[in-house]
Amino acid sequence: MGGEYELNFSCMLKPYKRVLLKLSGEALMGNLGYGIDPGVVEGIAGEIAEVVALGVQVAVVVGGGNIFRGVKASASGMDRATADYIGMIATVMNSLTLQDSLERNGVQTRVQTAIAMQEVAEPYIRRRAIRHLEKGRVVIFGAGSGNPFFTTDTTAALRAAEIDAEVIFKATKVDGVYDADPQLNPNAKRYQSLTYGHVLAQDLRVMDSTAIALCKENNIPILVFDLTVRGNIRRAVIGESIGTLVGGFCEVS
């Protein structure tokens, strides 16, 4: 498991100072079939608050699949661009919900959106976002990239590059990247580390191919880990060996 695709995982383990956390909309849904589970959001907010207390700068990109999926609606006959814009609005709903929970945990938070919604959020301005982070505020990026046909995975890669994040934390419901679906194949093996090339060549679906290409071009590692395990965000930040690390400086040939 690895060979030419393996990385020197140990050389990447370090405490991070500025991270981008990518949350799927489904992560906020918990065990519900739809919508937002307040208890789950509160738990995530509490973990982010613990990380902020360590002095780590945290940005967040949230998906909207718990409320609306543009691709699925498009497949049912809706205009794709319209469907994607509705999905972007869904991400803002999730962003505001997370902001409320973070601020109840004592964390100053700003929501910035790629679509103007000045009554509820700031417009996305790169320099302002960085300044918020430097002041210890969590910045949540809503409304995706503001463009249809691009996923929130791609948005996460784009925003991470723009704010000079050291890593993207891809928080999921599994404990890393496997060579097969672990729910269908009990013999599936989890990768400890991967190159960007392997992810693309094997279509491992860590993030979409555009996001992976952006991360590769800007040398932004991606750490995939299980969000449902309490304390994993903190473990990731302080450099514990969890999940699967994609990319970085230490690829071996």
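No value in this document is a laboratory result; all are computed from the given coordinates. It should be emphasised that the depicted structure is a prediction, and the values quoted were computed from it without experimental measurement. Cβ: placed from backbone, ideal geometry, glycine included. Neighbour counts: every protein chain shown.
Of all residues in region 152-195, those that are touching a residue at least 40 places away in the same chain (Cβ under 8 Å) and either touching a Pro at 6+ places or on another chain (Cβ under 6 Å) or among the small types (Gly, Ala, Ser) (or both) total 9. Within region 39-63, the set of residues being part of a helix (DSSP H, G or I) and either without any contact (Cβ under 8 Å) to a residue 24 or more places away in the chain or within 16 Å of residue 16 (Cβ to Cβ) (or both) comprises 39, 40, 47, 48, 50, 51, 52, 53.
Counting only residues that are surrounded by 16 or more Cβ atoms within 10 Å (Cβ to Cβ) and at positive phi, region 36-56 holds 0 of them.
The conditions of being within 16 Å of the chain's Cα centre (by Cα), surrounded by 14 or more Cβ atoms within 10 Å (Cβ to Cβ) and under 17 Å from residue 22 (Cβ atoms) are not met by residue 199.
Results for (1) among the β-branched types (Val, Ile, Thr); (2) within 18 Å of the chain's Cα centre (by Cα); (3) within 25 Å of residue 214 (Cα to Cα), shown as yes or no for each residue.
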site: 57; (1), (2), (3): no, yes, yes
site: 65; (1), (2), (3): no, yes, yes
site: 84; (1), (2), (3): no, no, yes
site: 105; (1), (2), (3): no, no, no
site: 127; (1), (2), (3): no, no, yes
site: 139; (1), (2), (3): yes, yes, yes
site: 144; (1), (2), (3): no, yes, yes
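The requirement of being closer than 15 Å to residue 172 by Cβ, out of contact with any strand residue (DSSP E or B) (no Cβ under 7 Å at 6 or more places or on another chain) and surrounded by fewer than 21 Cβ atoms within 10 Å (Cβ to Cβ) is fulfilled nowhere in region 236-243; no residue meets it.
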